[in-house]
1. If contacts are Cα pairs under 8 angstrom and at least 6 residues apart, what is the relative contact order of region 137-222 in percent?
2. What dipole magnitude, in Debye to the nearest 20, does region 1-98 give about its Cα centre under +1 on Lys/Arg Cβ and -1 on Asp/Glu Cβ?
3. Out of Asn192, Cys234, Ile161, whose Cα points farthest toward the positive end of the dipole of the chain (charges: +1 Lys, Arg; -1 Asp, Glu; placed on Cβ)?
4. Measure off, as a whole percent, the carbon and sulfur share of the 1.4 Å-probe accessible area of the chain, all protein chains present.
5. Using only Cα atoms and rounding to the nearest 10 degrees, what angle (0 to 90) does helix 96-105 make with the longest principal axis of the chain?
6. Could you calculate the FRET efficiency of Phe91 with Arg175 from 1/(1 + (r/R0)^6), where r is the beta carbon distance between them and R0 is 22 Å, rounded to 0.05?
7. By how many degrees, between 0 and 90 and to the nearest 10, does the Cα long axis of helix 162-178 differ from the longest principal axis of the chain?
8. Restrict the search to region 191-256; then list the chymotrypsin sites (Phe, Trp or Tyr not before Pro) that DSSP places in a loop and that have at most 16 other Cβ atoms within 10 Å of their Cβ.
Amino acid sequence: MKKIDFYYFSGTGNTYLVVKKMAEIFEQNGIKTHLFKIENIEPKDLNPEHTIGLGFPVAELSTFSFIWKFIRDIPSSKGTKIFMVDTLAGFSGGIIGPLRMILKNKGYNPIGAKEIIMPSNIFFIQDKITNSKKVEEGLLEADKYAWDIIEGRSRWDRIPIISDIFYYGSLLALRLTHSNFNQKYFSLKLANDKCSKCGLCFELCPVGNIRWSEGQYPQYSMNCEYCLRCGSFCPQGAIFVPFNYKNKTYSAVKAKDILK
Ligand SMILES: Cc1cc2nc3c(=O)[nH]c(=O)nc-3n(C[C@H](O)[C@H](O)[C@H](O)COP(=O)(O)O)c2cc1C
């Protein structure tokens with residue numbers, strides 16, 4: 001392995017930290033590693049001559065729809081090595097097996113899959129000390145996984161049946177997420193009295209769901225994927241995340257680290 005192109009998305013910074021740690025280990029071992037943000041790149045531009053890494057957060061027992069779309073649209077290959085890493089709060093369900101099958105069918109050679117537990121950014125946000133301990137442990141796992149890839153110990157096994165069941169359950173859940181009902185009644189809500197109209201939420205949104213122009217309040221459309229970037233990084237705490245207990249939010253990094 002001489003070159004790795006690492007395609008990743010991170011909503012609130014966990015995946016970014018893991019991908020960055022792995023890239024550091026690859027670089028220290030003389031493997032040129034390029035990081036690409038999934039939200040900024042067309043899948044057709046992926047170079048199937050280089051070893052490929054995929055990094056993303058788990059969402060709704062698999063991952064966000066726009067990441068599935070990116071993966072489904074990547075070009076076919078003739079045996080390019082590919083590995084994946086996801087970050088999660090506890091349980092991922094149906095991603096590793098189905099993803100492996102999609103990539104195998106496209107001609108890739110899946111060499112490693114790893115799920116790394118990091119702090120939860122949804123529902124119950126834990127205290128800062130617990131979260132930083134989790135980050136520390138997660139980054140140790142990332143370090144070890146990068147070494148496993150370099151030294152040929154990593155594996156990407158298929159987990160049949162159970163992961164397929166969760167996969168189809170997840171696809172159903174993602175459909176509900178995109179339904180007009182969900183987008184209307186469970187959307188992130190902006191408190192106009194707190195908003196400073198800075199437009200950071202507009203810049204952060206990976207799917208173009210927020211419209212904004214100078215001096216105006218941001219407007220949400222109906223295509224939110226709930227990555228929680230806007231709510232987590234709003235400097236005024238003006239975005240209400242309906243399912244987070246006591247409206248607490250989590251971020252592992254500063255907004256500038258993950259900006260488009
Ligand atoms: C909409 C949404 C759904 C999630 N679903 C799951 C899940 O099914 N299983 C899980 O273990 N974690 C889940 N999480 C937690 C994240 O996967 C986890 O905190 C991840 O590390 C966040 O990565 P990021 O900071 O790179 O966005 C979910 C988070 C969000 C925002």
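1. On the way: 42 pairs, mean separation 15.0, N = 86.
Relative contact order, region 137-222: 17 percent.
2. On the way: 11 positive and 10 negative charges, 52 e Å.
Dipole of region 1-98, to the nearest 20 debye: 240 debye.
3. Asn192
4. Working: 7110 of 13000 Å².
Within the chain, the accessible surface is 55 percent carbon and sulfur.
5. 60
6. Values: r = 20 Å, r/R0 = 0.92.
So the FRET efficiency works out to roughly 0.65.
7. Value to nearest ten degrees: 30.
8. Phe243
The values are calculated or read from the model by the stated rules, or taken from the named source; none is laboratory data. Since the model is a prediction, treat every value here as computed from it, not as a measurement. Heads up, the Cβs are rebuilt from the backbone with ideal geometry, glycines too, and the neighbour counts pull from every protein chain shown. SASA here: full protein model, heavy atoms, side chains in, ligands and nucleic acids out. Shrake-Rupley method; radii C 1.70, N 1.55, O 1.52, S 1.80 Å.
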